[in-house]
Structure formats: structure tokens, C-alpha cells
1. In whole Å, what three semi-axes, largest first, describe the equivalent ellipsoid of the chain built from its Cα gyration tensor (square root of 5 times each eigenvalue)?
2. Describe numerically, in nm with one decimal, the distance between label points set 7 Å from Cα along Cα→Cβ at Val390 and at Asn213.
3. With label points built 7 Å along Cα→Cβ from the Cα atoms of Thr398 and Asn325, find their separation and express it in nm.
4. Antiparallel DSSP bridges in the chain: what percent, to the nearest 5?
5. Per Stokes-Einstein, at 20 °C and 1.002 mPa s, what whole-number D in µm² s⁻¹ belongs to the stretch 278-463, with the Kirkwood radius over Cα pairs as the hydrodynamic radius?
6. For each pair in Lys341/Lys395; Lys364/Lys452; Lys27/Lys207; Lys101/Lys265; Lys312/Lys452; Lys81/Lys150, compute the distance between the two Cα atoms and list the pairs where it is over 22 Å.
7. Setting aside same-chain residues fewer than 8 positions from Lys456, which aspartates and glutamates have a Cα under 13 Å from its Cα?
8. What does DSSP give for the stretch 7-204 in terms of the percent of beta bridges that are antiparallel, rounded to the nearest 5?
Amino acid sequence: RQARVTKICCLGAGYVGGPTCAVIAYKCPHITVTIVDLNQARIDAWNSDDLPIYEPGLDEVVKAVRGKNLFFSTDVDTAIKEADLIFVSVNTPTKKSGVGKGFAADLGYVESATRHIAKVAVSDKIVVEKSTVPCRTAQSMRKILDSNGKPGARFDILSNPEFLAEGTAIRDLFAPDRVLIGSLDTANGRSAAASLADVYGNWVPRKQVITMNLWSSELSKLAANALLAQRISSINALSAICEATGADVDEVSYAVGLDSRIGPKFLKASVGFGGSCFQKDILNLVYLSESLHLPDVAEYWRQVVEMNESQKRRFTQHIISSLFNTLTGKRLAVLGFAFKKDTGDTRESAAITLIKYFRQEQAKIAIYDPKVEESQIWYDLAEPGVVDDVTALKKQVTITSSAYEAAEGADAVVICTEWDEFRDTKLDYEKIYATMNKPAFIFDGRLILNQKKLEKIGFKVECIGRSRAVQ
Ligand code: UDX
Ligand code: UDX
Ligand code: ADP
């Protein structure tokens with residue numbers, strides 16, 4: 001029978017490792033969970049009242065178990081030594097240079113974390129790949145562990161991809177659609193998989209815990225994200241057709257979503273998808289396809305990302321032409337900077353690209369987001385390595401503490417993130433209208449506003465995927 005897991009260590013206290021292992025601790029009082037990170041500031045934040053990531057419900061979970069069976073620490077060695085099972089959830093950014101630059105995942109952090117485990121471990125460990133990684137990474141991890149491990153310490157590698165979405169992480173972790181565990185098809189591999197399945201078995205119904213071979217599991221994660229992103233690019237491609245005709249993309253989504261073979265989710269047209277996963281994982285898939293000499297497959301997936309870029313360009317072009325073909329000196333109020341609502345995360349957020357375009361058009365930009373830190377916005381907008389960029393940036397960009405303040409004196413409001421507080425049932429758009437330059441435009445990049453209601457106030461409203469108002 002497989003070993004019973006009583007001590008878990010998680011390498012990496014980020015968006016994935018933090019919430020996932022906090023929930024494991026919460027659901028499994030008999031398991032001690034230690035989340036470690038090399039970044040002292042991050043660990044200090046996890047140990048404070050002000051957690052380093054915003055996620056609805058996370059505070060309650062962490063506060064209920066922190067100091068009982070959930071610990072945050074920078075003492076990586078002790079945590080590795082004591083654990084039966086180790087989650088590796090370190091960052092896997094896209095490579096910025098060298099072979100596969102811009103596409104392939106940089107596995108440097110995974111490799112160094114793996115080498116660290118091999119160096120420190122003196123007893124058997126189940127090592128679980130949690131970060132999204134290219135196919136066959138588990139095999140590389142196994143080679144590193146097998147050739148560097150101490151005698152007497154055996155390593156079993158599992159793949160256990162995380163499917164949580166930001167903003168709903170706790171809900172997703174409490175009731176996942178499925179938990180995927182990939183292992184080698186050997187007695188040891190199957191036994192390790194069963195040990196991890198037992199951990200999830202504390203709260204996830206058994207039939208939803210699926211075991212399969214390592215590579216299927218690794219590929220399933222990339223495939224899930226690629227298919228989700230593809231749906232958004234598909235509806236966004238249709239939104240362009242809607243704008244050019246008289247069709248309404250929300251009506252089209254609704255109609256096609258009623259087909260049970262298609263389903264209603266992930267069909268909301270938008271300014272483009274963002275987040276740390278979709279683009280990265282598709283580019284990973286593109287790179288993998290190219291390495292496997294499958295250029296047609298690579299091209300197919302690459303187009304999903306290109307359509308996403310094109311959507312952002314198209315939206316900008318729409319704004320420019322509506323504002324009488326120039327943005328020079330005009331004030332644009334950008335509402336929302338996070339890549340989606342209910343998160344403070346800005347990775348690959350469409351707002352970043354849009355603001356870059358607005359700046360090139362010499363617009364003045366006022367940004368408001370309810371959750372993103374001001375320092376993060378400056379960081380995201382500054383060109384890396386350009387010394388004076390921040391000074392130039394601050395001449396063109398201001399960050400405000402409310403939507404009203406952002407809209408004061410603006411020529412247009414641009415909705416980039418679908419925060420509930422931007423809805424016309426929450427925000428006083430009459431008040432906003434009164435302070436704006438006329439004609440006052442609203443560009444709804446998220447389809448959250450009641451167009452007719454706002455037009456009654458006097459706004460010129462332009463929505464993604466709806467034919468353009470007759471000027
Ligand atoms: C299709 C639509 O399903 C239907 O709603 C529309 O009215 C007409 O077009 P049809 O062409 O009759 O219907 O068959 P469908 O079951 O959709 O299959 C189309 C093709 O896709 C077939 O060659 C089928 O073998 C193939 N297919 C379908 C797959 O290869 N894989 C699948 O998972 C499903
Ligand atoms: C995604 C996957 O959903 C999750 O399973 C995986 O583990 C990590 O990647 P996440 O990036 O957190 O999660 O958010 P998600 O809800 O998938 O949204 C991604 C982007 O797509 C956001 O920018 C969102 O606004 C956009 N989106 C989503 C749309 O534009 N339209 C939609 O219909 C859905
Ligand atoms: P994700 O969104 O995948 O969780 P993050 O970047 O939010 O990614 O978090 C990854 C974390 O992993 C970072 O806080 C980073 O400091 C940490 N990390 C990277 N390498 C190691 C390592 N060898 N040991 C422990 N933590 C690591």
C-alpha cells in the first residue's frame with residue numbers, strides 16, 4: 001500500500017502554490033503544510049495581515065489554519081527534509097533570450113528547485129510538478145533527481161496541473177471540476193499517485209480525481225488553456241464581423257452557447273484575454289509543435305495569440321477613429337488595469353497594451369483600478385531599460401483613486417476590466433457625464449454596460465462586437 005502523506009512542502013509561494021497549499025492545509029487538518037519561498041518579503045507578507053495576493057476567500061482560509069498546520073517560511077532545506085511530498089510551484093516565465101526566445105518556457109527555476117531537492121533530501125519523496133511546464137519536464141526532473149540524489153532517497157515524480165483561475169481560486173480549489181494526477185505506469189508511480197489522490201480525497205469526490213500517464217497529464221494542462229483561449233479568440237474574431245455588420249456579439253454568443261455541444265462559458269467577447277497562463281501556454285504549445293516538426297500545428301495555435309493581439313489593435317483603432325482621428329492631448333479614462341475582475345494581477349493585461357498604444361497617439365491617460373497597486377501600474381507601463389521613461393510616463397499618465405476622478409475632464413471612458421463596480425447599476429454615470437468633455441464617449445471593452453441607458457444620459461457608446469453608432 002502507498003505511503004500516507006502527513007507532511008507537505010510547497011516550493012514557491014506564488015499565485016498557484018500559495019492558495020493551493022493553503023486549501024490543502026484547510027481541508028486536511030492531519031497534514032502539516034509548509035510553503036517556502038526564496039523571497040523573504042513574500043513570505044513576510046504571507047505571515048502578515050496583508051497577504052501578498054488578493055483572492056476572494058483566501059484571507060479566511062489562511063487565517064483559519066496559519067500557525068496550526070500551515071506555515072510560511074524561507075527555510076527551504078528543513079521543509080524539504082521533513083516532507084513526504086513536495087509540490088514544485090515556482091515560476092516558469094517565457095524565455096527572454098536564447099533558443100526558443102519569446103516562446104519556450106524558462107525552466108531555470110524548476111531545474112534549480114529540483115536540484116535543491118536532490119541535494120537536501122535524505123529520505124524518499126514524492127515530487128509533484130505543479131507549475132505549468134512543457135511536456136516531458138517531469139522526465140527532466142526525474143533525471144536530475146536520479147543522478148544527484150543521495151543514496152537511500154527514492155524520488156517519485158507526479159504531474160498534478162493546477163486549473164484554478166484567479167479571482168475564483170478558492171472556489172475552484174474547494175470544488176474542482178477534476179483533479180489530474182499523472183504518473184509513470186510502474187508500481188512505484190501508481191503508488192505515489194494513489195498517495196496524492198488520498199490527499200485530495202479529503203474533500204474531492206473520488207470519481208473526480210483522475211489518474212493517467214505523465215505526458216497526458218502535462219499536455220492536458222496546455223490543451224485546456226489553449227482551448228479556452230481559442231474560444232475567446234474565436235468569439236473576438238466574430239466580434240469584428242458583428243461590428244462590420246448589424247449582428248450583436250452578445251446575441252451570437254448566447255445563441256451558439258445554447259448548443260450543448262458548444263456550451264455557454266468562455267464566449268464573452270472582450271478587449272482580449274490576459275493573465276499569466278493563456279499566452280504563455282499557447283506559445284509553449286507552438287514551440288513544442290515546432291520542435292516536433294509540426295509547422296501546421298504550430299501555425300494553428302499561433303493564430304489564437306495573433307487574433308488576441310489584433311483585437312487590441314482593432315479596439316484602439318476604433319477609439320481613434322471615433323475620437324475624430326486623433327488622440328493627441330485628449331484625456332482617456334481607463335477603468336480597470338487588472339487582466340480580469342476580482343484580482344490585483346496585471347500579468348499580460350490587455351490594459352497594458354492599450355495604454356501603450358494610447359501613449360503612442362500622445363493621449364493623456366488617467367487610470368483607475370480598485371485592486372492593482374500603484375507601483376505595479378508604473379512598473380508595467382515603464383519600458384524596461386529606458387532610463388527616463390518613468391518621467392515621460394508621468395507627464396502622460398496619472399493614477400487616480402476613483403472612477404469619477406479618472407473621468408474628470410476626459411473625452412472618453414475606456415472600460416478595460418469588467419469590475420462589478422464599473423457597471424451602470426453601481427457607478428453614477430450621470431455624475432461622470434457632467435464632468436466630461438463633450439461629446440463624451442464610452443468604449444465598453446467588456447460588454448458590461450447598458451448601452452441604451454447611457455445613450456439616454458448623452459454618452460456616445462461604442463461596444464466591442466456591436467455595429468457602430470451612426471455619427
Ligand atoms: C452539422 C452540425 O452538427 C449541425 O448542427 C448542422 O445543422 C449541420 O452540420 P452534420 O454535418 O450532419 O451536422 O454532422 P456532425 O455530427 O456535426 O459531424 C460533422 C463532421 O464532424 C462529421 O464528419 C463527424 O464525423 C465529424 N466530427 C464530429 C469529428 O470528427 N469529431 C467530433 O468530435 C464530432
Ligand atoms: C486560466 C484558466 O482559466 C485556468 O484554468 C488556468 O489554471 C490558468 O489560466 P486565469 O488566467 O486566472 O485562468 O483567468 P481566466 O478566467 O481563464 O481568464 C483569462 C482571460 O480571458 C482574462 O483576461 C479574461 O478576462 C478573459 N476572458 C475570459 C474573456 O475575455 N472572455 C471570456 O469569456 C472569458
Ligand atoms: P505562479 O503564478 O506560477 O504561482 P509566481 O511567480 O506567482 O508564479 O510564484 C512563484 C514563486 O516561486 C515566486 O515567489 C518565487 O520566488 C518562487 N521560487 C522560485 N524559485 C524557487 C525555489 N528554488 N525555491 C523556492 N521558491 C522559489
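1. Sorted largest first and rounded, they come to 43, 24, 21 Å.
2. Going by the 7 Å Cα→Cβ label model, 5.2 nm.
3. 3.0 nm
4. DSSP beta bridges in the chain are roughly 5 percent antiparallel.
5. Result for D is 123 µm²/s.
6. The answer is Lys341/Lys395; Lys364/Lys452; Lys101/Lys265; Lys312/Lys452.
7. Cα-Cα hits under 13 Å: Asp424, Glu430.
8. Restricted to the stretch 7-204, the bridges split so that about 10 percent are antiparallel.
Read the figures in this text as sums done on the coordinates, not as results from a lab. Quick caveat: nothing in here was measured; it's all calculated off a predicted structure. FYI the Cβ positions are ideal-geometry reconstructions off the backbone, even for glycines, and counts take in every protein chain you see.
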